[in-house]
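Peer 1: Here it is, the structure in full.
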Amino acid sequence: MRLVRPNLLFPGLALLWALAGIAALSSGSADIGTAQVWASLTGDAPDNIRRLVVELRLPRALTAFGVGGLLAVSGVLMQVLLRNPLAEPYILGSSGGAAVAALLAMMFGLGAAAVDFAAFGGAMVATLLVFSIAKGSGSWTPTRLLLTGVVLAAGFSAATTLLLALSPDQNLRGMLFWLMGDLNYAYAPAQSLWLLGAITLGGLLSARHLNVLAHGDLQAAIVGLPVSGFRLLVFSVTALATAISVTTVGVIGFIGLVVPHLIRIVAGSDHRIVLPASALAGGVLLVVADTLARTVLAPRQLPVGALTATLGVPLFLILMSRYRVRDS
């Protein structure tokens, strides 16, 4: 049942996006008025204010929006893929697999393209491991899937700790902040924004297939959907989105859980609405979280992943209790 109609949902999300953007551009260790923000965007502000807004805060806000949208869309796709509303890249270990592979590539001194490719491979392997181990010789249950993901995530966390222990001391603090989610150096938003746009558009074009697949492989096969090929495509897209998110800003959890679930509560389960709405809402959520991370203890900055976890962990526990009741 829809609580909010699409003709109200998307304008509302657009308004939240605008408000979050204004807050991100005007807030920080040096607060700037809304009039100065507008003057900076139109080129009429003094050079020092214009550089602060246009060269620092605007790219960071756009990167946060792109990555937040990618994480939310990844959560939507993983929940369709595994038919589990509790699935998302952080909980099921995909982000951890991408982080481990990316750290290994960095330690070997590989370039940015190689790091992105390694992260993609790590996310893909982690997702396939969760899927294959949880399914085994039969069908999976929500509890079995989550236990598999949590165990693999713990294994990737241990591997990450080992890699950090072997890293040079001068790189340790930066790597730790990156692993907790850090947008300090996120000033190249184009990659995440283009990928978010492409995945959202592709998801809209294949929304009917996603709706069918969410009801099970058998029903999808009955209506003529090539299940194996489409599942592999969704695997690959999810792994790519997770990899780009991790290599851009580090490991940020729970956006892929919180956002799709809230969108389904207010707008139903039709992926023609859920997917684009999740992309917008995920971007807004990470922009807000990053703004708070920059301003709560300014001039010190908090890891943004810690703030998203404060929202995600309680919701995850609530959802777990609901599904435990259903399974009993």
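Readers should treat all values here as calculations from the given coordinates under stated rules, not as data from a laboratory. All values reported here derive from a predicted model rather than from experimental measurement. So basically every Cβ, Gly included, is an ideal-geometry build from the backbone, and we count neighbours across all protein chains shown.
Peer 1: Could you give the length gained by full extension between Ser132 and Leu19, i.e. 0.36 nm per residue of separation minus their alpha carbon distance, to one decimal place?
Peer 2: Length difference between fully extended and current span is 36.4 nm.
Peer 1: At 7 Å along the Cα-to-beta-carbon direction for both Leu317 and Leu164, put a label point, then send me their distance in nm to one decimal.
Peer 2: Reported label-point gap for Leu317 and Leu164 is 2.3 nm.
Peer 1: Please name whichever of Met124, Phe235, Val274 sits farthest to the positive end of the charge dipole of the chain, dipole taken about the Cα centre and charges placed at Cβ: Lys and Arg +1, Asp and Glu -1.
Peer 2: Farthest towards the positive pole: Val274.
Peer 1: Another question, if that's okay. For Phe254, what residues show an amide H to amide H distance below 5 Å, using hydrogens built from the backbone and excluding near sequence neighbours?
Peer 2: Sorted by chain and number, the residues that satisfy this are Tyr90, Ile91.
Peer 1: Going by how many other Cβ atoms sit within 10 Å of their own, how do Ser94, Ser40 line up, fewest first?
Peer 2: Ser40, Ser94
Peer 1: Using Cβ counts within 10 Å as a stand-in for footprinting exposure, how do Thr242, Thr248, Thr34, Thr127 rank, fewest first?
Peer 2: Thr34, Thr248, Thr127, Thr242
Peer 1: Hey, of [x] 100, 42, 34; [y] 55, 40, 39; [z] 64, 53, 35, which did the structure itself give for Cα extents along the principal axes in Å when calculated?
Peer 2: Only one option fits the structure, namely [z].
Peer 1: Of Ser278, Ser26, Ser228, which is the most mobile in a GNM of the chain whose springs link Cα atoms less than 10 angstrom apart?
Peer 2: Ser228
Peer 1: Please identify, among Asp44, Asp116, Asp270, the residue showing maximal mean-square fluctuation in a Gaussian network model of the chain using a 10 angstrom Cα cutoff.
Peer 2: Asp44
Peer 1: May I ask you to derive the relative contact order of region 6-327, considering only C-alpha pairs under 8 Å and at least 6 residues apart, and to give it as an integer percent?
Peer 2: Here the relative contact order equals 32 percent.
Peer 1: Can you sort Ser245, Ser157 so the residue with the fewest Cβ neighbours within 10 Å comes first?
Peer 2: Result, fewest neighbours first: Ser157, Ser245.
Peer 1: Here is a further query. Charges only on Cβ, +1 for Lys and Arg, -1 for Asp and Glu: so what's the dipole of the chain about the Cα centre, in debye to the nearest 20?
Peer 2: 780
Peer 1: Along region 236-250, what does the Karplus equation 6.51 cos²θ - 1.76 cosθ + 1.60 (θ = phi - 60°) give for ³J(HN,Hα), rounded to whole Hz, x for Gly and Pro?
Peer 2: Ordered by residue, 3J(HN,Hα) equals 5, 5, 4, 5, 5, 4, 5, 5, 5, 4, 5, 5, 7, 10, x Hz.
Peer 1: Measure nothing fancy, just the Cα-based angle from helix 112-135's long axis to the longest principal axis of the chain, in degrees from 0 to 90, nearest 10.
Peer 2: With rounding to tens, the tilt is 30 degrees.
Peer 1: Continuing with the same structure: Between Arg144 and Leu204, take the C-beta separation as r, use R0 = 35 Å, and let me know the FRET efficiency to the nearest 0.05.
Peer 2: It comes to 0.65.
Peer 1: For region 6-327, build the charge dipole from Cβ charges (+1 Lys, Arg; -1 Asp, Glu) around the Cα centre, then report which of Gly256, Leu193, Leu163 sits farthest towards its positive end.
Peer 2: Gly256
Peer 1: Once you've got the GNM for the chain with C-alpha springs shorter than 10 Å, pick whichever of Arg300, Arg144, Arg231 has the biggest mean-square fluctuation.
Peer 2: Residue with maximal mean-square fluctuation among Arg300, Arg144, Arg231: Arg300.
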